[in-house]
Structures are given as C-alpha cells and as structure tokens.
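The values are calculated or read from the model by the stated rules, or taken from the named source; none is laboratory data. Here the structure is a predicted model, which is why all the values come from computation and not from measurement. Quick reminder, even Gly has a Cβ in these numbers, built from the backbone with ideal geometry, and neighbours come from all protein chains shown. The accessibility values were calculated without ligands, DNA or RNA, using every heavy atom of the protein model including side chains. Shrake-Rupley method; radii C 1.70, N 1.55, O 1.52, S 1.80 Å.
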Amino acid sequence: MFDVEKAIADFIRFPSVSTDSRSREGMAGAREHIAGIFRSMGLETRLIETPLHPLVLARREGPEEWPHVVIYGHYDVQPADPLELWTTPPFEPVVRDGRLYGRGAADNKGPMMVHIAAAARLLEKHPDAPIRLTFLIEGEEEIGSPSFAGVLERHAAELTGDFVLLSDTMSPSPERIAITTGLRGIVCLDVEVEGPKSDLHSGIFGGAVANPVAVLARLCASLHDDNGRVNVPGFYDDVVLPEDWERESLKALAFDEAAFAADLGVPALPRAGGWSPAEATRFQPTLEFNGIGGGYQGEGSKTIIPSRAMAKISCRLVAEQDPARIEAALRKALRDRCPDTVRLKLSPGHSGPPYRVVPPDRPDTPADQNPRLAAGFRAAEAGVADVFGSPPLYLREGGSVPIIGDIKRVLGMDSLMIGMFTPADNLHAPDESVDLRMLQRGSAVSERILAAVAGVA
Ligand code: BES
Ligand code: MN
C-alpha cells in the first residue's frame, strides 16, 4: 500500500503548469509520478500522445460483463504567481493544522489520489474483484482540454465504461460533502476594436474619428440589461431551470449572503434577475468581462485617440445551452451593434459544454439510467452518511470541467462527482491547500462505491 499523503506531496513537487511552456519538465515529472503509482498497483499503464500534454491511461481489464468504472483526474495545475503572496513556496508541500499546502493540493492532485488510493485498497483486499477500472489522467484541464474530445473519439472503445468517478468539484465544508449534479459550460471570445492605424492627437483628430475605446465600452455595456441579465438574443432559450429537489437540496446549504459579501469584500450583491448568489452561480448562465484594455494607462494624461481596444469575454453556460449556439448569438449581437466606423475582430478561445446528471429515484431520473451508475450513487450517499456523519447535499456547481460534458456527448457516459475541495481551499490562488482528513474520509467513501459496484461490499 502506498502512503497517500506522501503520494500527494511528492506529486505537488512537480510544477505541472500546463499553460506555461517552461513547465515541460514539471509536466513530464508529474506524469511519470502518477504512471509509477499505477504500475506499482499492477495496472497496465501507458501515455496517450496529444499535440501538447500526453494523457496517462492505466487499466485493469476483465470480462465484458464486469462493471467498468472510469476514474478521471488532471495532473496539470494553474500558474502559481503571484509567488510573493504564498506563505511557503507553492511547489514545496507542507502540512499545517491538518491541511496540505501547495499548488494543486486541492485542484486536482489531492482529490484525484482519493480514488486511486481507494482502488488500490480494494484490489489489495479483493485481488479477484470483478470490476474493470480505467484511469484517465489528463494534462490540459486548466487550459480547456483542447485534445480531450479527439482522444475520446479515437479511443472510444477502451474508454467507454458504465460511469466516470471523479473528484474535481466543491463541497460546502470538510464535514458537509456534496455530490455534484451539474457543471457549467464555457465559451471564451476575444473582442478587438480597431480604429486608426496608429494612436492620434485627440486635438487634431478628436471629433472626426471614432474612438475605439468608446465604441468597445458601448458594445460591452450593451451585453447586459439594467437588471444585470445578459442582453444577447436567444441567450437564455435552452436554460433548464432547477427541479424542486434541486431547490430543496440548495436550501440545506444554509447560505449566508451577508457573510458571503463581507468575506469577498464587496459592499453589496447584484442579485441579477432576482436570483440569490447561491442559485445564480449554479442555475444561471453568465457573461463576464475577464479583461479590458486600450489606450494610455500610465501616469498623468496623454491626449490621444487610441488606435485599438480589446476585451476578453467568457460565458458560463448551464444545461442545455449549446456552446456553439451561444458563441454564434454573441458574435451576431456584437456585429449587429458595432458601428461601421471601426473594424471588429472576434477570436474564439476554448469552449466546453455544460453538464447535468440526475441521481436515482428523482422525478426526472431518466428511465434508462445505467443501473451501475445508480448503484454508485446509492453507495456514495450511504458512504458519505456513514463516514462523514451527515448525508450528502446534491448540488450543481458554478465551475467547469468541460470534458465531463464531452464524455457524455461522445461516449454517452454519466459522471459521479464527489466534492473533495471546499471554498476555503484557495483554488487558482496563493496558499492553495486541502483538508487531509476530508481526503482520507473521501477515500473510504470511494472504496465503498467501487466495492458496491463490484459486488464485493
Ligand atoms: N476544479 C475546477 C472546476 C470547478 C471549480 C468545479 C469550482 C466546481 C467548483 C477545474 O479545475 C477548473 O478550474 N476548471 C476551469 C475550466 C476552464 C479552464 C475551461 C474553470 O472552471 O475555470
Ligand atoms: Mn482548476
């Protein structure tokens, strides 16, 4: 048996920042670390090459009639900067107060190890357990998984199982665990407004030539109405509103709006469309400006008409919005609203579909739900109740794991997602950390899920 805490800590030591081309060595190290663990478990392990960062694939094969669980994780992490805001260096893991600190501790190196350790224990206790396992660990999640859909299509036969088991979503606290029933999709679009071929003297030319910053500002402002709703025709057409059981489950979250606002340091919350913050992030799509710029940003004043302006937009989507349709609607709104005094350049970034899964025994549970997935959900619910002392909440999440929707679309497989990080864990931020006790208990739950599906419980 490998030591889980050490396996995670050693994993964190590899700086596997997928977006940074200087991290090639760290990426390779992280990959080898995880591949080594799979080999030590006796699994047939190999890399699947992609244009950028290879995936690690490890398998325990068996007869066709055995259940087949696919375990997903990502070995890449977000950049660690700003480095000066870390209490201890991001790639030198340390434990303080039962929490493991380091980039990737929560997203996703710790949580993925929960399931790997669970599988290792199960196979040790039951070497003949009738279960097929496929571990699919990618290296491009934090950059939008550009290679993943292609890999799914090329390897469909070996990657198609009964369901996917993963932990890359949130729970309310280390004691109150969520089973995630939805993820938002994403669409990114870069907008550039081009005016005169160079910056111009605003006295000589001001009034005669359109100002790209002013045009861009009007375009951006037009994308929301006065109530904070997205003002793009057709944007909300395919939104599936929450079922009663989802609203009920969210009530159990006991969300404190005032504390939430105070914690974030904002004076008040917009409540766009009348949705509470806890509802808005889970049940509603958004259009955000991730960055905007143009013209002089330095000290004092500079009297120019800037030659260009740019904005970075991303939309978070909810089930059943289609990223391609939303991108087209957004492009059309911008084109229709842009005056002919400037040139508009639109460049798409990455995108991914939203995802929603309904647990068994709900009014809207699909009649043809995979019975092994249903068994997994039931074991997860019982396991969380036993191990953590209170039953799981069933919650949709605001974040995106785009491949989960792709797996559903390409392979027809649903996902069982156990939240193994919390709002306190500083994902994508300095001092990222994870609660080690939560991971250990989560791993016990994962073992029960696998045992139940294998029928060795
Ligand atoms: N683990 C997160 C997604 C997440 C965050 C789920 C919070 C639930 C709650 C994941 O690693 C992530 O950061 N995803 C990116 C995807 C993007 C780069 C396509 C995200 O959501 O921004
Ligand atoms: Mn992430």
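Mind checking the log10 I(q)/I(0) for segment 355-402 at q = 0.24, 0.25 Å⁻¹? Debye, one equal scatterer per Cα, no solvent, two decimals.
The Cα Debye sum returns log10 ratios of -1.01, -1.04.
With +1 on the Cβ of every Lys and Arg and -1 on the Cβ of every Asp and Glu, and nothing else charged, how large is the dipole of the chain about its Cα centre, in debye rounded to the nearest 20?
The dipole magnitude comes to about 640 debye.
At q = 0.11, 0.16, 0.20 Å⁻¹, what is the base-10 log of I(q)/I(0) for segment 173-296 according to the Debye formula with one equal point scatterer per Cα and no solvent? Please give it to two decimals.
These q points yield log10 I(q)/I(0) values of -0.59, -0.98, -1.29.
Enumerate the residues in segment 322-360 having an amide nitrogen under 18 Å from the point lying 7 Å beyond the Cα of Arg409 toward its Cβ.
Only 322-331, 348-357 fall inside the zone, counting backbone N under 18 Å.
Please express the Cα-Cα pair-distance distribution P(r) of segment 377-457 as a list of whole percents, one per 5 Å bin, running from 0 to the bin with the greatest distance.
It works out to 3, 12, 19, 20, 21, 16, 8, 1, 0, in whole percents.
Could you state the per residue volume, in Å³, of the convex hull enclosing the Cα atoms of segment 110-227?
About 240 Å³ per residue, rounded to a whole number.
Evaluate the distance, in nm, between pseudo-label points positioned 7 Å from the Cα of Ala424 and of Asp368 along their respective Cα→Cβ axes.
4.5 nm
Report the gain in length on full extension from Glu32 to Glu64: 0.36 nm times residue separation, minus Cα-Cα distance, nm rounded to one decimal.
Answer, rounded to one decimal: 8.6 nm.
Over segment 23-128, what per residue volume does the convex hull of the Cα atoms give, in whole Å³?
124 Å³
Could you rank Ser415, Ser21 by how accessible they are, 1.4 Å probe, largest area first?
Ser21, Ser415
Using only the Cα atoms of segment 91-142, what do you get for the radius of gyration and for Dmax, in Å?
Here Rg and the maximum Cα pair distance are 14.4, 40 Å.
So what is Rg over Rh here for segment 118-185, counting just Cα atoms and using Kirkwood for Rh?
My calculation of the ratio gives 1.02.
Could you tell me how many cubic angstrom of Cα convex hull volume segment 215-273 has per residue?
For segment 215-273, the hull spanned by Cα atoms encloses 116 Å³ per residue.
Just for the Cα atoms in segment 404-450, what are the lengths along the principal axes, largest first, rounded to whole Å?
Projected onto its principal axes, the Cα set of segment 404-450 covers 37, 28, 10 Å.
Taking only C-alpha pairs under 8 Å that are 6+ residues apart, what is the relative contact order of the chain in percent?
So the answer I get is 27 percent.
Looking at Ser307, Gln297, Ser433, which one has the Cα that reaches farthest to the positive end of the dipole of the chain (charges on Cβ: Lys, Arg +1; Asp, Glu -1)?
Result: Ser307.
Among Leu317, Leu330, Ile404, whose Cα projects farthest towards the positive end of the dipole of segment 308-414, with charges put on the beta-carbon of Lys, Arg (+1) and Asp, Glu (-1)?
Of Leu317, Leu330, Ile404, it is Leu330.
Could you compute how fast segment 251-396 diffuses translationally, taking Rh as the Kirkwood radius over C-alpha pairs and applying Stokes-Einstein at 20 °C with viscosity 1.002 mPa s? Give it in µm² per second.
106 µm²/s
How much of the pair distance distribution for the chain lies past 42 Å, counting alpha-carbon pairs only, in percent?
The proportion of pairs with Cα distances above 42 Å equals 19 percent.
Using a cut-off of 24 Å between alpha-carbon atoms, which lysines can reach Lys332, once sequence neighbours fewer than 8 places away in the same chain are excluded?
Lys312, Lys345
Which aspartates and glutamates does Lys251 reach when only Cα atoms under 12 Å apart count, and residues fewer than 8 places away in its own chain are ignored?
Lys251 reaches Glu279.
Roughly what would the spin-label model give for Glu257 and Asp237, points 7 Å off Cα along C-beta, in nm?
With each label placed 7 Å out from Cα toward Cβ, I get 3.2 nm.
Past the 19 angstrom mark, what percentage of all C-alpha to C-alpha distances in segment 152-219 do you count?
Cα-Cα pairs of segment 152-219 separated by over 19 Å account for 68 percent.
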